[in-house]
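Following: one structure in structure tokens, then a few remarks.
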Amino acid sequence: AMLDPDRGLSLTIARVVQRLQASSLHSQLERQARVSLHKPEIKLESLKEDIKDFLKTSGWEKKLQNAVYSELSVFPSPCHPAAPPEHIKEPLAYMRKAQGSWEKRILKSLNSMCTELNIPLAQKRPVNEQKELLNKWNEMGTDEPDLSLFRPVYAPKDFLEVLMNLRNPNYENGDQPSFRNHLGLIQVPLKVKDIPELKEDFSELGLNIGQLGIDDSAQVPPEFFENEHVHVGQKVLAEQDSAAAQQYVRQGCPTALRADLWALILNISNQPEDILYYEQLKSNVIQHDLLVDSLIYKDVKLTASNDDYYFVFEDYLYQVLLCFSRDTSVLEHFAYSSATPPKSYIRGKLGMEEYAVFYPPNVKYNSFILSVAPLCFLYHEPSKLYQIFREMYVRFFFRLHSISSHPSGIVSLCLLFETLLQTHLPQLFYHLREIGAQPLRISFKWMVRAFSGYLATDQLLLLWDRILGYNSLEILAVLAAAVFAFRAVNLMEVTSLAAAEAVLADLSTLKVMPLLQIFLFATVT
């Protein structure tokens, strides 16, 4: 149900106010206002205006603006007040149903692992184990437990199978007129953008605009652009304005400013209460042993220790992911995600709510680990690293692991990728399809991992700059299509899926920005 704009705006305002009243910022503002009463420039006859001026000049108004901006970036625009809550999660019933059965399948897999291995989903650690874990908290990577019996709950290709089988029940046997000619693996009729619309959305990536990540632009000498861009970036940081920072990073972040700019966009300031919160999560990890801990452990071992870039961060990865698996504040995002948090109970306490442990349905396989690893290059303080990751997860990454109709959701990204290829590289698309190498079978793992573990780190960070800058994951699908376009000549010669995979096996030498620019702005449409 659509809302008229005024009603929508007032609902949005009411929701933001309600959420901010419950935040620590609200009590800080109240405290500042009380303190200001003792200042000589605050006059009784103009009290309200004077306090407003004080909050403005002392930087508190900026903090409030950033908090409001952050709320608006994360939460969807409001539904009709009469709409049931599940519509906020996901408007299409068949998508909700598919997500529900996918979650059941994952939980079943976890439960059967518990039964097979005879271990509970959650139990309290004995005191001596707690002490031991606390002592080696910063070097968990040195442990070598035997995890051969633990298996990943699912692999990307299992998830892709589920997405390929999605159908809209309103269209019997594919008689959707506009959709009949879509020959990809995804068979649901979602609206995705074409190149002219993408050009408009990503206009700052245009050929005549300075970019970090492009070494040889004809229009702007790179070193001139870079010096100027750094200068502007320092101003943006001095202003502490999230919206300005988000606009700024669309042209890329200078390496030295990236950590601070991302934190500003995500509105993460690492206050004492945030550090305390992280310590509480850590103590929860130390006290309770979850089945998922072993899965995380195994994933980190398999992923990070085999990766030249990431193995140095192994200890950080354990800390962040173990804490994340205990973090109930993440549950808030389920209000606007098609997913529902699975619940399990500490052994012997079935049905007693205070013993319920929510199983984040998102610590399932290593794409998850790969979304933390690049952040370790930017943040070295565990509680800050943790907050940045959590915020990236609830804004972006959860969409890559759940079934929904959202434009940044994995289903839409797959469809956007296939549509771009079929429309702009039809010969390549048909050739690969004919030889049984459907392009999505190759690109799915790149998108579901936001290209982490595939691109060189400096290139990955330039890509993620744009995810933050545009508050959207659509660029992942555009890049995946651009990679196929770039290797098209070689791909036209292959005759099997294995050969196509070999052509695209190594993306570590690719330069992201030139690929995106050429694909979006130099493709004949």
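Quick notes
- Number of residues in the stretch 238-255 that are surrounded by fewer than 16 Cβ atoms within 10 Å (Cβ to Cβ) and under 19 Å from Ile214 (Cβ atoms) equals 2.
- Within the stretch 448-461, the set of residues being surrounded by 24 or more Cβ atoms within 10 Å (Cβ to Cβ) and more than 26 Å from Tyr154 (Cα to Cα) is empty.
- Taken together, Ile403, Ile435, Ile410 contain a single residue that is open to solvent by 10 Å² or more (accessible area, probe 1.4 Å) and aliphatic (A, V, I, L, M), which is Ile435.
- Restricting the stretch 88-100 to residues that are of a type outside the set (A, V, I, L, M, F, W, C) and open to solvent by 70 Å² or more (accessible area, probe 1.4 Å), the residue that is modelled with the lowest pLDDT is Pro91.
- Pair list, Cβ < 9 Å and 6+ apart or interchain, from the stretch 90-114 residues that are farther than 16 Å from Ala155 by Cβ and without any contact (Cβ under 8 Å) to a residue 24 or more places away in the chain to residues that are open to solvent by 50 Å² or more (accessible area, probe 1.4 Å) and not in a helix (DSSP H, G or I): Ala93/Pro169
- Within the stretch 261-312, tally of residues that are open to solvent by 40 Å² or more (accessible area, probe 1.4 Å) and aromatic (Phe, Trp, Tyr): 3
- Note on the stretch 185-215: among residues that are buried (at least 16 other Cβ atoms within 10 Å of the Cβ) and basic (Lys, Arg), the one that is farthest from Tyr171 (Cα to Cα) is Lys199.
- Top-ranked residue of the stretch 490-525 - restricted to ones that are in a helix (DSSP H, G or I) and of a type outside the set (A, V, I, L, M, F, W, C), ranked as nearest to Leu212 (Cα to Cα): Pro514
- Any chance Phe377 is touching a Cys at 6+ places or on another chain (Cβ under 6 Å) and modelled with pLDDT of 80 or more: no
- Applying the set (1) in contact (Cβ under 8 Å) with a residue 24 or more places away in the chain; (2) over 30 Å from Met513 (Cβ atoms) to Asn118 leaves exactly one unmet item: (1).
- When every residue of the stretch 20-34 is checked against the conditions, at least one turns out to be more than 25 Å from Leu264 (Cα to Cα), assigned to a helix (DSSP H, G or I) and more than 29 Å from the chain's Cα centre (by Cα).
- The combined condition, being in a helix (DSSP H, G or I), in contact with a Lys or Arg (Cβ under 8 Å, 6 or more places away or on another chain) and either at pLDDT below 80 or of a type in the set (Phe, Trp, Tyr) (or both), is not fulfilled by Val285.
- Qualifying residue in the stretch 225-248 (condition: part of a helix (DSSP H, G or I), in contact with an Asp or Glu (Cβ under 6 Å, 6 or more places away or on another chain) and either under 25 Å from Leu25 (Cβ atoms) or not assigned by the TED database to the domain that holds Leu107 (or both)): yes
- Residue pairs whose Cβ atoms lie under 6 Å apart, separated by 6 or more positions or on different chains, with the first residue in the stretch 298-317 and without any contact (Cβ under 8 Å) to a residue 24 or more places away in the chain and the second of a type in the set (A, V, I, L, M, F, W, C) and part of a helix (DSSP H, G or I), are Phe311/Ala304.
- Among the residues of the stretch 166-184, those identified as at pLDDT 70 or above and open to solvent by less than 60 Å² (accessible area, probe 1.4 Å) are Leu166, Asn168, His182, Leu183, Gly184.
- Pairs where the first residue, in the stretch 473-486, is under 17 Å from Lys199 (Cβ atoms) and the second is assigned to a helix (DSSP H, G or I) and among the small types (Gly, Ala, Ser), C-beta under 9 Å, 6+ apart: Glu474/Ser412; Ala477/Ser412; Ala477/Ser443; Ala481/Ser443
- Checking Leu107, Leu117 one by one, the residue that is in the same structural domain as Val285 (by the TED database) and either open to solvent by less than 30 Å² (accessible area, probe 1.4 Å) or closer than 17 Å to His401 by Cβ (or both) is Leu107 and no other.
- For the stretch 131-150, the criterion of being among the aliphatic types (A, V, I, L, M), modelled with pLDDT under 80 and open to solvent by 80 Å² or more (accessible area, probe 1.4 Å) is met by at least one residue.
- Top-ranked residue in the stretch 474-525 [being in contact with a His (Cβ under 9 Å, 6 or more places away or on another chain) and closer than 30 Å to Val249 by Cα; ranked as surrounded by the most Cβ atoms within 10 Å (Cβ to Cβ)]: Ala481
The values are calculated or read from the model by the stated rules, or taken from the named source; none is laboratory data. Please read all numbers here as calculations on a predicted model, not as lab measurements. Please note: Cβ atoms are built from the backbone with ideal geometry, for glycine as well, and neighbour counts cover all protein chains shown. Areas reflect the complete protein model, heavy atoms only, side chains present, ligands, DNA and RNA absent. Shrake-Rupley method; radii C 1.70, N 1.55, O 1.52, S 1.80 Å.
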